[in-house]
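Notes for the one structure printed next.
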Amino acid sequence: MRYRLQQPPMIVHCCHCTWCQRETGSAFAVNAMIEADALAVDGAVDHVMTPSESGKGQEIARCPKCCVALWSHYASAGRLIAFVRVGTLDDPSAARPDIHIFTRSTQPWVVLPDGVPAFDIFYEREQLWPPEALAPRAAALS
């Protein structure tokens, strides 16, 4: 099963919440947000509902062959927006984090980079996202 991003992501989050740590088995998750219709998927994925800190859960798209989590859909946008796991891209280095979130639970040995916005919990989207990212998000959710 393969997939491609047909356009650049709106934004790339590095999430340090304990839920992402648990789900990835790592210190954080790096997710590239993209409109779901900008994902070209060769084959089918398995959708699995899992709990989330919000209590609303998330739907994780997994490869049916290896079961790796490829992207998630959260309750706020449903299947309109995909949070693509950057580590599953052919070149993960092409999607560096734009923002670090939920840094209140960052592991003590993780060093956040200078010059990249970081927030204890979340942030005001309209204050940080460039207009070229806000517009596609609004269009996808309308």
Does Val86 satisfy the condition of being exposed (fewer than 14 other Cβ atoms within 10 Å of the Cβ) and among the β-branched types (Val, Ile, Thr)?
no
Assigned to a loop (DSSP other than H, G, I, E, B) and open to solvent by 20 Å² or more (accessible area, probe 1.4 Å): does that describe Gln21?
no
Among the residues of the stretch 36-43, is there at least one that is more than 25 Å from Ala133 (Cα to Cα), at pLDDT below 95 and not in a strand (DSSP E or B)?
yes
State whether the residues of the stretch 49-58 include one that is within 13 Å of the chain's Cα centre (by Cα) and without any contact (Cβ under 8 Å) to a residue 60 or more places away in the chain.
yes
All but one of (1) surrounded by fewer than 17 Cβ atoms within 10 Å (Cβ to Cβ); (2) in contact (Cβ under 8 Å) with a residue 12 or more places away in the chain; (3) assigned to a loop (DSSP other than H, G, I, E, B) hold for Gly115, so report the exception by its number.
(2)
Can you tell me which residue within the stretch 53-63, out of those that are open to solvent by less than 60 Å² (accessible area, probe 1.4 Å) and assigned to a loop (DSSP other than H, G, I, E, B), is farthest from Ile11 (Cα to Cα)?
Cys63
Yes or no: the stretch 66-82 includes at least one residue that is in contact (Cβ under 8 Å) with a residue 60 or more places away in the chain and open to solvent by 30 Å² or more (accessible area, probe 1.4 Å).
yes
From (1) surrounded by fewer than 17 Cβ atoms within 10 Å (Cβ to Cβ); (2) under 23 Å from Ala140 (Cβ atoms); (3) out of contact with any Ser or Thr (no Cβ under 8 Å at 6 or more places or on another chain), pick out the condition that doesn't hold for Arg104.
(2)
Consider Ala40 carefully, then state whether it is open to solvent by less than 60 Å² (accessible area, probe 1.4 Å) and within 17 Å of Leu141 (Cβ to Cβ).
no
Would you say Arg96 is touching a residue at least 40 places away in the same chain (Cβ under 8 Å), open to solvent by 70 Å² or more (accessible area, probe 1.4 Å) and not acidic (Asp, Glu)?
yes
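The values are calculated or read from the model by the stated rules, or taken from the named source; none is laboratory data. These numbers come from a predicted model, not from an experiment. Glycine gets a Cβ as well: all are built from the backbone with ideal geometry, and neighbour counts include every protein chain shown. Please note that ligands, DNA and RNA were not included when accessible areas were found on the heavy atoms of the full protein model with its side chains. Shrake-Rupley method; radii C 1.70, N 1.55, O 1.52, S 1.80 Å.
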